[in-house]
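The values are calculated or read from the model by the stated rules, or taken from the named source; none is laboratory data. Keep in mind that what you see is a predicted model, and the values were worked out from it rather than measured. Cβ placement follows ideal geometry from the backbone for every residue including glycine, while neighbour counts extend to all protein chains displayed.
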Amino acid sequence: MSIFSIATSGLSAASLRANVAASNIANVRTTGPLPASDGSSKSGSGGSSSTGSTYPAAYSPLRVDQVAQASGSTPEGTVATVSAVSPSYTAQSDPSAPFANQDGLIAAPNVDLADQFVQMATAKYTFMANAKVIKAYSETEKSLLDITT
């Protein structure tokens with residue numbers, strides 16, 4: 001695999017990391033009813049059980065797992081995959097929410113904002129580093145072509 005391919009795999013991974021962190025940050029306040037032990041949502045105490053209406057589940061945050069790929073001693077870049085954070089929610093008190101349970105609890109996304117901003121910074125600097133590798137590779141290749149002609 002060429003240096004160019006390795007650097008572009010790094011660009012893709014950094015882009016994915018930034019997108020996932022941005023999604024987690026944007027949805028940090030997207031709450032919902034606490035899931036019941038059977039996987040359904042618990043009814044709120046504010047009359048929602050009498051009307052039969054349901055509320056959307058809390059946002060399920062995501063994370064990026066990135067691993068290096070190699071074929072023997074030859075590096076082949078990196079691969080990033082997206083998976084769900086577990087546990088996906090934390091119980092928070094908000095008795096005024098229409099979907100709060102009898103104890104006034106709701107499900108809030110299990111998002112650590114500080115970690116998400118670290119992920120954004122990591123994505124930014126990783127992207128910049130891989131872009132510089134591509135630029136240096138391109139300039140070196142151009143110089144080699146100038147020498148041979």
- Item | Top-ranked residue in the range 105-122 [being in contact (Cβ under 8 Å) with a residue 12 or more places away in the chain and in a loop (DSSP other than H, G, I, E, B); ranked as nearest to the chain's Cα centre (by Cα)] | Val111
- Members of the range 126-149 found to be in a loop (DSSP other than H, G, I, E, B) and of a type in the set (Phe, Trp, Tyr), listed by number: none
- Whichever residue in the range 1-59 is more than 30 Å from Glu139 (Cβ to Cβ) and among the β-branched types (Val, Ile, Thr) and, among such residues, is modelled with the lowest pLDDT: Thr51
- Give the number of residues within the range 80-101 that are exposed (fewer than 14 other Cβ atoms within 10 Å of the Cβ) and more than 30 Å from Leu34 (Cα to Cα). 0
